[in-house]
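The values are calculated or read from the model by the stated rules, or taken from the named source; none is laboratory data. Computed from a prediction, not measured in an experiment: that's the story for all the values here. We place every Cβ from the backbone using ideal geometry, glycine too, and count neighbours over all the protein chains shown.
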Amino acid sequence: MRAHVKMQHPQEHVYFQLEKTLRQCPKCDLKFNDLELMDSHLATEHPLPSPPQQGQGPADEDPCNITRALDGDVNRYKYPARFHETDIHAYFDRMRPQLQRRIEEQLAIHHAIRWYFVIQIRFVRPPGEFTYPSPGFYGGCHTTLISGNTDADFNSSITRILDEMDEFNERGSGWTIVRIEGVELNILRYQPLGASKYLPLPNALQGKRSLINVVNRDHRCFLWAYLALKHHGDVLDAEQPLSYHEWTHELKMEGLEYPSPST
């Protein structure tokens with residue numbers, strides 16, 4: 001069928017192939033088969049304003065598309081471009097308060113979170129070759145447990161993004177930034193693994209004589225597991241915490257919180 005159309009109806013075939021490559025302007029209904037033309041159209045017909053001068057920023061925040069999943073445990077904040085910006089440092093100086101406020105909000109809800117952001121950038125190089133779609137640069141994933149402790153991680157994300165951009169340019173020289181197209185912040189609830197209290201073994205493991213599962217009702221699972229490892233051969237009932245009380249002094253647990261973290 002495709003060969004028939006190509007051979008017998010060449011004009012329709014060309015039109016069909018052209019339609020497949022057309023890209024619609026994100027601001028109107030016009031379509032373009034050349035990214036340089038579309039960018040020129042955006043610049044002249046739908047220009048973004050210049051970013052505000054430092055200290056003269058708008059009182060309102062950038063528009064943000066928020067997506068939540070898993071009952072709010074996963075949160076995505078997408079900030080599309082509001083201004084025509086090309087300076088990465090200036091862009092993050094402007095966006096930092098907004099992104100950090102989102103991080104602090106989720107930290108107050110979940111008490112422990114992991115987060116990362118990805119910035120999308122449009123590049124061009126002569127003779128009008130554009131990156132399409134615009135590549136995203138990843139700032140690395142960070143774990144935050146304490147409020148107000150994100151500055152260092154934020155700075156390291158920016159450094160990593162700049163390093164990735166350098167690698168991108170090394171792979172294909174001559175690229176220059178046309179504009180920053182936006183940033184996406186992803187925040188996930190973090191539940192660090194830790195030793196806690198007794199959980200029954202699965203049915204498939206209950207009959208194994210090679211396992212000891214101490215039946216503790218407190219959160220000192222790490223302590224009982226360690227003592228069972230060392231002294232299970234010295235007691236009558238290896239799964240009862242009372243069997244190991246005489247050896248609890250072997251571990252210096254003073255000042256440690258329970259449940260004990262795994263890292």
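In segment 183-198 there is at least one residue that is surrounded by 16 or more Cβ atoms within 10 Å (Cβ to Cβ), at pLDDT below 90 and not hydroxyl-bearing (Ser, Thr, Tyr). Just one residue in the set GLY233, GLY182, GLY148, GLY174 is of a type in the set (Gly, Ala, Ser) and either in contact with a His (Cβ under 8 Å, 6 or more places away or on another chain) or outside the structural domain of GLU129 (by TED's automatic domain parsing) (or both); that residue is GLY233. Take LEU229 and decide whether it is exposed (fewer than 15 other Cβ atoms within 10 Å of the Cβ) and under 19 Å from LEU199 (Cβ atoms). The answer is yes for LEU229. Just one of the listed residues (GLU61, GLU104) is within 30 Å of ASP163 (Cα to Cα) and modelled with pLDDT under 90, and it is GLU61.
Looking only at segment 60-111, residues that are of a type in the set (Lys, Arg) and in a loop (DSSP other than H, G, I, E, B) come to 1 in all.
Got at least one residue in segment 67-79 being of a type in the set (A, V, I, L, M) and surrounded by 13 or more Cβ atoms within 10 Å (Cβ to Cβ)? Yes. Considering only residues in segment 117-160 that are aliphatic (A, V, I, L, M) and free of Cβ contacts under 8 Å to residues at least 24 places away in the same chain, the one that is nearest to ASP87 (Cα to Cα) turns out to be ALA152.
From the list ILE180, ILE121, ILE161, ILE88, the lone residue that is touching a Gly at 6+ places or on another chain (Cβ under 9 Å) and closer than 24 Å to MET38 by Cα is ILE121. Which condition from (1) among the hydroxyl-bearing types (Ser, Thr, Tyr); (2) at pLDDT 90 or above; (3) part of a helix (DSSP H, G or I) is the one that SER40 breaks? Exception for SER40: condition (2).
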